[in-house]
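Let me begin by presenting the structure, written as structure tokens, before commenting on it.
Each value in this text was obtained by applying a stated rule to the coordinates, not by laboratory testing. Model, not experiment: these values are computed from the prediction. Every residue, glycine as well, gets a Cβ built from its backbone with ideal geometry; the counts of neighbours run over all protein chains shown.
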Amino acid sequence: MPLDNPTLIVISGGPGSGKTTVLEYLQKLGHHVAPEVARQIIQEQIQLKGDPLPWRDREAYTRLMLERSIESYKTHSAHADPVFFDRGIPDTLGYARLIGLADEALIREACQLYRYGRTVFLAPPWPEIYTTDTERKQDFAEAILTFEVLSDTYHDCGYEVIELPKSTPAERADFILRRLAQIGIPALW
């Protein structure tokens, strides 16, 4: 049976689109935030000199990302107040599609079982703020493709995708909170 939780709000997008920055801003306002598991995995695997990395063993990395995303969902689903997620389980499905993973059945099943709020916020590619770092190695063309695949994936999973404006973190946070208020999701101001 699907676990619907309308107060679990996903903010996603391609790399370098400013989503984590707006999540940090929401956290400063007092909101609960679930950090991005993909970046945590990369940091851990680099430290451990492990193989489950996007540039070494993509399938192992995808499996670990799915496991951690489900754990994060379960951990944060008990909150009474809204929780903002830096990516959701459908991001794992989007990644699997990007790398051409042959069998996505388990990931699709998880996407149907663990449901977030119906509205998902997607940060668009934004060349003026895009940068790479030790965990983010994609070029801007890959960031655009990632955004497109994520948009399609969230739509395929039955979510309403709302594109964030290219604006300051405060303006983006205000946009998100106002949109949630319009659909009846209580949020702290």
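Please compute the Kirkwood hydrodynamic radius of the chain from all pairs of different C-alpha atoms, in Å with one decimal. Show your work: numbers first, answer last.
Values: mean 1/r = 0.0601 Å⁻¹.
By the Kirkwood definition, the hydrodynamic radius is 16.6 Å.
Check residue 32: other-chain or 5+ apart residues with amide H under 5 Å from its amide H, H built from backbone geometry?
Answer set, sorted by chain and number: 84.
Mind checking the full-extension length gain between residue 102 and residue 75? Use 0.36 nm per residue of separation minus the Cα-Cα distance, one decimal, nm. Mind showing how you got there, number by number?
Numbers: separation 27, 0.36 × 27 = 9.72 nm, distance 2.93 nm.
Separation in residues times 0.36 nm, less the Cα-Cα distance, equals 6.8 nm.
Taking the number of other C-beta atoms within 10 Å as the exposure measure, put 72, 12, 167 in order starting with the fewest.
Working: 72 23, 12 27, 167 13.
Fewest-to-most Cβ neighbours within 10 Å comes out as 167, 72, 12.
In whole Hz, with x marking every Gly and Pro, tabulate ³J(HN,Hα) for the range 70-79 from phi via Karplus 6.51 cos²θ - 1.76 cosθ + 1.60, θ = phi - 60°.
Using θ = phi - 60°, the values come out as 5, 4, 4, 4, 4, 4, 8, 6, 7, 5 Hz.
Residue by residue, what Karplus-based ³J(HN,Hα) values in Hz, rounded to whole numbers, does the range 47-52 have, using 6.51, -1.76 and 1.60 with θ = phi - 60° and x for Gly and Pro?
4, 7, 6, x, 8, x
Whole-Hz ³J(HN,Hα) for each residue in the range 17-26, computed from phi via Karplus 6.51 cos²θ - 1.76 cosθ + 1.60 with θ = phi - 60°, x for glycine and proline: what do you get?
9, x, 5, 5, 5, 5, 5, 4, 5, 4
When only C-alpha pairs under 8 Å and at least 6 residues apart count, what is the relative contact order of the chain, in percent?
Details: 300 pairs, mean separation 66.2, N = 189.
Averaging sequence separation for qualifying contacts and normalising by length gives 35 percent for the chain.
Where is the GNM fluctuation largest for the chain (alpha-carbon springs, 10 angstrom cutoff): 74, 49, 166?
Between 74, 49, 166, it is 49 that shows the largest mean-square fluctuation.
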